[in-house]
Every structure is written in C-alpha cells, then in structure tokens.
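The values are calculated or read from the model by the stated rules, or taken from the named source; none is laboratory data. Values in this document were obtained by computation on a predicted structure and should not be read as measured data. Backbone-built Cβ (ideal geometry, glycine too); neighbour counts: all protein chains shown. When the accessible area is computed, the model is the full protein with side chains, heavy atoms only, and any ligands, DNA or RNA have been set aside. Shrake-Rupley method; radii C 1.70, N 1.55, O 1.52, S 1.80 Å.
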Amino acid sequence: QVQLVESGGGLVQAGGSLRLSCAVSGHAFSRYATGWFRQAPRKEREFVAGISWSATLTYYSDSVKGRFTISRDNTKNTAYLQMNGLKPEDTAVYYCAATPSHRNLGVWFDDDYWGQGTQVTVSS
C-alpha cells in the first residue's frame, strides 16, 4: 500500500515562503517520479511541478517557474516544494503524487498515487 502524506502548509503573507514536504511509504520511492499539484476553490486541479526519480529532471508550470523549487531526498523517502515569493493566487490545497511510470513529468493520471493535501493560504 503506497501512502503519501503532505505537510508544511499554513497561512503566510504575500511575499513570504513555505516549504511543503511529501513523505512517501510503501514502495521504492527512489524509483518513482514525484509531482506537486494544487486545487483552489471552484477551480480544477493544476499541475505545479514534477521531478524525476533521479532528480536529474524537473518541470514547472509557468505560473510558479522562478518562484518554486521541487526537490527530493531519496534517503528520506521525501519530496519537497520550496515556495518563495508567494502570492494570494497561490492559495490552494496542495497535493503530491507519485508514479513509477517513466513519462513526461507534466503528464499525470488519477490512478497515480496521491496524498490527501495540505492547505496553503496566502494573505494580501
């Protein structure tokens, strides 16, 4: 049973920073690509960033490029999303996902492994 647990969300002022963590158990994390997504109220889920299993490849949405950084520590079975320069429009529930598939980092499916999410709220 693969489990993903996000943490690190919270309330922050615009311009501030947060670091999200995604702890993964139940499979060989080091062989899984990992991604971060977000969903704001009344909006569809949106891809934020992805990282390959070896961390040699990363991919970002245009809306966060240059502000967010995805990383991973395979020795800790954990992926991270460092978020700097936060804006009110970044407010959303943030989810992490994992997949053993070697496909484009921007392509994810509902039957990949998903966490329960962590709330990020950015005040203006």
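The table below lists the values:
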{"item": "GNM result for the chain, Cα springs below 10 Å: residue of ASP73, ASP90, ASP111 fluctuating most strongly", "result": "ASP111"}
{"item": "The chain, accessible area per residue, ligands and nucleic acids excluded (1.4 Å, Å²)", "result": "53 Å²"}
{"item": "Relative contact order computed over the chain (Cα-Cα under 8 Å; 6+ residues apart), in percent", "result": "36 percent"}
{"item": "Sites SER71 and ARG42 - FRET efficiency at Förster radius 35 Å, r taken between beta-carbons, to 0.05", "result": "0.70"}
{"item": "Dipole moment magnitude, nearest 20 debye, the stretch 60-124 about Cα centre, only Lys, Arg, Asp, Glu C-beta charged", "result": "260 debye"}
{"item": "Order by protection proxy (mean Cβ within 10 Å, highest first), peptides 80-86, 34-40", "result": "34-40, 80-86"}
{"item": "Size of electric dipole in the chain: Cβ of Lys, Arg +1 and of Asp, Glu -1, about Cα centre, debye, nearest 20", "result": "220 debye"}
{"item": "Taking the stretch 60-124 and dividing mean pair separation by its residue count, relative contact order in percent (alpha carbons under 8 Å, at least six apart)", "result": "32 percent"}
{"item": "Taking the convex hull of Cα positions in the stretch 62-110, its mean projected area over all directions (nm²)", "result": "4.6 nm²"}
{"item": "Reciprocal mean inverse distance between Cα atoms of the chain - Kirkwood radius, Å", "result": "14.2 Å"}
{"item": "Coordinate range along principal axes, alpha carbons of the stretch 6-74, Å, largest first", "result": "35, 24, 23"}
